[in-house]
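Student: Dropping the structure in here first, questions after.
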Amino acid sequence: MKELLKNLVEIPAPSGYESQVRNQIREWIEPLVDEIRVDQLGNLLAVRKQAAAPRLMLVAHMDEIGLMVTHVDQQGFARFVPLGGVMPIHCVGGRVRFLNGVQGVIGVEKNPSSYEIPPIEKMFLDVGASSVDDCPIKIGDVAVFERPFLDLGKRVVSKAMDDRVGVAVLIETLRQLKKSAFELYFVFSVQEEVGVRGATVAAFGVEPDLGIAVDVTATGDTPKGHRMEVRLGRGPAIKIRDAGMLADPRLVQWMVQTAEKAKIPYQREILEFGGTDARAIQLSRSGVPAGVISIPCRYVHAPSEMVDMEDVENAVKLLLRLLQTHPRLERED
Ligand code: CO
Ligand code: ZN
């Protein structure tokens, strides 16, 4: 699985420009599904048919945060806007790679205090050009952060764990899955990082009875870090709440009971910020029960996001078990 993950994270796919990673995923999963298509926004939808079974939409987003060029000056320096939640603290001195292969570094205007974090408006890209005429990038070009995959053994690091690790979990689940209790839509969504746009239209098109997103979540296990219960290596996290959703309590219960029965380690997740594609599913049509299996991830949205391979493997195990049973959806009131 590490190899699969490494391959996935090294393909650049900033929000709205996911075609390279989509083509690769399609090539891998096409033989494993009954039907596959790409919708008008670019979501990849793969179906495992099952007549008369409830329809479950599983989603992981293909896009990663990046940046887009807004202006190139006479000296060939480019200004940019973030694509998704890029944090200024991670930018200066960083390197980027454009989809056309051009690489560059991020510089910053003279800073009043070197202890201050400059805003992105004060930063620029230097791709080694000396004038606007020999600058190999133009307005609208998009780039991702450049950082090689790092293998630390049990733990691995990349600039795009969010959410290529979710994509890897869905692909591996598809590879191992024999029977299921659902008609399954595996959705690899676009434009999550700019406001869950791909999943919004995918949920509309798929019309699922249930939805599960697989995405990363933050942890509280680093020095003087965020106060949060989730830790690396303690198992996949079952989301109860983030800033965008209250996970359906019936699905939370289903996930918890399934994990306990199968003796798969899990954690209960409350995230005080952020959101996932599950929000778009939950709020689609007249409402759809939705939940999230989260992969604990340190340094989310920094160019070095870290996950633990055991959590990744256990997320696949949990998902495979979940696909064998239906949740109880009756209301007690
Ligand atoms: Co993200
Ligand atoms: Zn994500």
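Student: If you check every pair at least six apart or on different chains, which have Cβ atoms under 9 Å apart with a residue in region 94-115 that is of a type outside the set (S, T, N, Q) first and a residue that is exposed (fewer than 10 other Cβ atoms within 10 Å of the Cβ) second?
Tutor: Close Cβ pairs (under 9 Å, with a partner that is exposed (fewer than 10 other Cβ atoms within 10 Å of the Cβ)) amount to V105/G93; I106/G93; G107/G93; V108/G93.
Student: Moving on to the next point. Mind checking which residues of region 46-70 are away from ligand 2 (no atom under 16 Å from the Cβ), part of a strand (DSSP E or B) and either free of Cβ contacts under 8 Å to residues at least 24 places away in the same chain or not charged (D, E, K, R) (or both)?
Tutor: Step one: list which residues in region 46-70 are away from ligand 2 (no atom under 16 Å from the Cβ), which gives 46-57, 67-70.
Subset that is part of a strand (DSSP E or B): 46-48, 55-57, 67-70.
Selection gives A46, V47, L56, M57, L67, M68, V69, T70.
Student: Identify the residue in region 204-254 that is within 27 Å of R331 (Cα to Cα) and of a type in the set (D, E) and, among all such residues, is most open to solvent (accessible area, probe 1.4 Å).
Tutor: Looking at residues that are within 27 Å of R331 (Cα to Cα) and of a type in the set (D, E), I get E207.
Student: Checking the condition assigned by TED's automatic domain parsing to the domain that holds G166 and either within 17 Å of the chain's Cα centre (by Cα) or on the phi > 0 side of the Ramachandran plot (or both), which residue from I36, I29, I11 passes?
Tutor: Values: I36 fails: either within 17 Å of the chain's Cα centre (by Cα) or on the phi > 0 side of the Ramachandran plot (or both); I29 fails: either within 17 Å of the chain's Cα centre (by Cα) or on the phi > 0 side of the Ramachandran plot (or both).
Step by step, each of I36, I29, I11 is checked, and only I11 is assigned by TED's automatic domain parsing to the domain that holds G166 and either within 17 Å of the chain's Cα centre (by Cα) or on the phi > 0 side of the Ramachandran plot (or both).
Student: I've got another one for you. Residue under question is V9, and the condition is that it be open to solvent by 40 Å² or more (accessible area, probe 1.4 Å) and of a type in the set (V, I, T); does it hold? It would help to see each step written out before you state the result.
Tutor: Working: open to solvent by 40 Å² or more (accessible area, probe 1.4 Å): no; of a type in the set (V, I, T): yes.
Taking the combined requirement at face value, the residue does not satisfy it.
Student: What about V21, is it touching a residue at least 60 places away in the same chain (Cβ under 8 Å), surrounded by 15 or more Cβ atoms within 10 Å (Cβ to Cβ) and away from ligand 2 (no atom under 16 Å from the Cβ)? Explain how you work it out, then say what you get.
Tutor: Details: touching a residue at least 60 places away in the same chain (Cβ under 8 Å): yes; surrounded by 15 or more Cβ atoms within 10 Å (Cβ to Cβ): yes; away from ligand 2 (no atom under 16 Å from the Cβ): no.
Considered against the rule, which asks whether it is touching a residue at least 60 places away in the same chain (Cβ under 8 Å), surrounded by 15 or more Cβ atoms within 10 Å (Cβ to Cβ) and away from ligand 2 (no atom under 16 Å from the Cβ), V21 comes out as no.
Student: A further question follows. I'd like to check which strands (runs of 3 or more DSSP E) are fully inside region 259-326 and have at least 2 residues that are closer than 23 Å to K179 by Cβ and touching a residue at least 60 places away in the same chain (Cβ under 8 Å).
Tutor: Numbers: elements: 267-270, 290-296, 305-308.
Ranges flagged: 290-296.
Student: Now, a different point. With the structure loaded, tell me whether N100 is open to solvent by 70 Å² or more (accessible area, probe 1.4 Å), out of contact with any strand residue (DSSP E or B) (no Cβ under 6 Å at 6 or more places or on another chain), not assigned by TED's automatic domain parsing to the domain that holds E192 and not hydroxyl-bearing (S, T, Y) or whether it fails that test.
Tutor: Criteria met by N100.
Student: Let me ask you something else. If the Cβ limit is 8 Å and pairs must be 6+ apart or interchain, which residue in region 176-197 that is in a loop (DSSP other than H, G, I, E, B) and open to solvent by 10 Å² or more (accessible area, probe 1.4 Å) pairs with which residue that is more than 16 Å from ligand 2 (Cβ to nearest atom) and of a type in the set (G, A, S)?
Tutor: S180/A53; A181/A53; Q191/G42
Student: Considering only region 276-333, state which residues are among the charged types (D, E, K, R), open to solvent by less than 20 Å² (accessible area, probe 1.4 Å) and within 14 Å of the chain's Cα centre (by Cα). Let's see the steps before the verdict.
Tutor: First, the residues of region 276-333 that are among the charged types (D, E, K, R): 277, 279, 285, 298, 305, 308, 310-311, 313, 317, 321, 328, 330-333.
Among the residues that remain, those that are also open to solvent by less than 20 Å² (accessible area, probe 1.4 Å) are: 277, 305, 308, 311.
Once the filter is applied, which keeps residues that are among the charged types (D, E, K, R), open to solvent by less than 20 Å² (accessible area, probe 1.4 Å) and within 14 Å of the chain's Cα centre (by Cα), region 276-333 yields D277, E305.
Student: Here is a further query. Run D242 past the list (1) within 16 Å of ligand 2 (Cβ to nearest atom); (2) in contact (Cβ under 8 Å) with a residue 60 or more places away in the chain and report the number of the one that doesn't hold.
Tutor: (2)
Student: Regarding region 71-89, can at least one residue be identified that is aliphatic (A, V, I, L, M) and free of Cβ contacts under 8 Å to residues at least 12 places away in the same chain? Break it down into steps so the answer makes sense when it comes.
Tutor: At the first step, the residues of region 71-89 found to be aliphatic (A, V, I, L, M) are 72, 78, 81, 83, 86-87, 89.
With free of Cβ contacts under 8 Å to residues at least 12 places away in the same chain added as a condition, the list becomes none.
No, region 71-89 has no match at all.
Student: When residues of region 181-239 are filtered for being away from ligand 2 (no atom under 12 Å from the Cβ), of a type in the set (S, T, Y) and farther than 14 Å from A46 by Cα, how many remain?
Tutor: Qualifying residue count, region 181-239: 3.
Student: Exactly one of (1) touching a helix residue (DSSP H, G or I) at 6+ places or on another chain (Cβ under 8 Å); (2) part of a helix (DSSP H, G or I) is unmet by V252. Its number?
Tutor: (1)
The values are calculated or read from the model by the stated rules, or taken from the named source; none is laboratory data. Keep in mind it's a predicted model, so treat the numbers as computed, not measured. Cβ: placed from backbone, ideal geometry, glycine included. Neighbour counts: every protein chain shown. What goes into the accessible areas is simple: the full protein's heavy atoms, side chains included, and nothing from ligands, DNA or RNA. Shrake-Rupley method; radii C 1.70, N 1.55, O 1.52, S 1.80 Å.
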